[in-house]
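Novice: Below are the structure tokens for one structure; questions will follow.
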Amino acid sequence: KLPYSNDDFGVPQNLYILGTMNTADRSIALMDTALRRRFEFIEMLPDLEVLDGLEVDGINIKLMLEKINQRVEYLYDRDHTIGHAYFMSLKDNATLEELENIFKNKIIPLLQEYFYDDWEKIRLVLGDNQKDENYQFIKAKKYDIKSLFGDKNNDLLDIDEVPKIYEINKEAFGKPESYVKIY
């Protein structure tokens, strides 16, 4: 019975309602708890098998995503692994340009959200710490402190160590080696 009208409400026996929910979104934790009490949940982790044989310019997409997810799981948890769906558009459009688009507009922003802009961890996930600077997606920006602030104001700055500031290396997205070196 509906609360206000007292009308009967129901669904046919042959109707199944399927919903998806991203467990990484903690802002809905109370709703998540309420839903789990009332419905059956089936965990669906990334399915790497659907990416079997998918290559873009010599980049094995399955191996790349597997390595990224192993690192995400180690640094964060398994609920934050990246789903295979992000890469499904490559099945119809297996180009480096499409992979660039996926990384620039989906993967990097997702990792920024997961790691709260902790660029060191994002670099670890992407294997940038093991790559030559030309192939790093995220690289440390270099500053000359003396030319930036002058050498007479060092006491005012109280700089013991030069802070690491990172920038996205746009050129790396167009190089197949940048992706291969992830795995």
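Novice: Taking 7 Å along the Cα-to-C-beta vector as the label spot, tell me the D118-N6 distance in nanometres, rounded to one decimal.
Specialist: 5.7
Novice: For the chain, with the dipole built from +1 on Lys and Arg beta-carbon atoms and -1 on Asp and Glu ones, taken about the Cα centre, which of L96, T81, Y135 lies farthest toward the positive end?
Specialist: T81
Novice: Rounded to a whole number of µm²/s, how large is the Stokes-Einstein D of the chain at 37 °C and 0.692 mPa s, given Rh as the Kirkwood radius over C-alpha pairs?
Specialist: 165
Novice: Largest first and to the nearest Å, give the Cα extent of the range 75-116 along each principal axis.
Specialist: If we take the Cα atoms of the range 75-116, the spans are 31, 17, 11 Å.
Novice: A further question on this structure: With +1 on each Lys and Arg Cβ and -1 on each Asp and Glu Cβ, how big is the dipole of the range 19-117 about its Cα centre, in debye rounded to the nearest 20?
Specialist: It comes to approximately 400 debye.
Novice: Quick check for me: using +1 on Lys/Arg Cβ and -1 on Asp/Glu Cβ, what's the dipole size of the chain about its Cα centre, in debye to the nearest 20?
Specialist: With only Lys, Arg, Asp and Glu charged at Cβ, the dipole is about 160 debye.
Novice: What three numbers, in Å, describe the spread of the alpha carbons of the range 51-101 along their principal axes, ordered from the longest?
Specialist: Extents along the principal axes, in whole Å: 31, 18, 17.
Novice: Tally up the carbon and sulfur contribution to the accessible surface of the range 54-183 as a whole percent, 1.4 Å probe, everything protein left in place.
Specialist: C and S atoms contribute 45 percent here.
Novice: Applying 1/(1 + (r/R0)^6) with R0 = 25 Å to the Cβ-Cβ distance of L63 and I42, what FRET efficiency is obtained, to the nearest 0.05?
Specialist: 0.40
Novice: Q136: net charge of surrounding residues, Cβ under 12 Å, Lys/Arg +1, Asp/Glu -1, itself excluded?
Specialist: Residues near Q136 contribute +1 overall.
The values are calculated or read from the model by the stated rules, or taken from the named source; none is laboratory data. Only a predicted model underlies this, so the values are computations on that prediction, with no experimental measurement involved. Note that each Cβ is placed from the backbone with ideal geometry, even for glycine, and that neighbours are counted across all protein chains shown. Accessible surface is based on the protein model in full, side chains and every heavy atom, while ligands, DNA and RNA are left aside. Shrake-Rupley method; radii C 1.70, N 1.55, O 1.52, S 1.80 Å.
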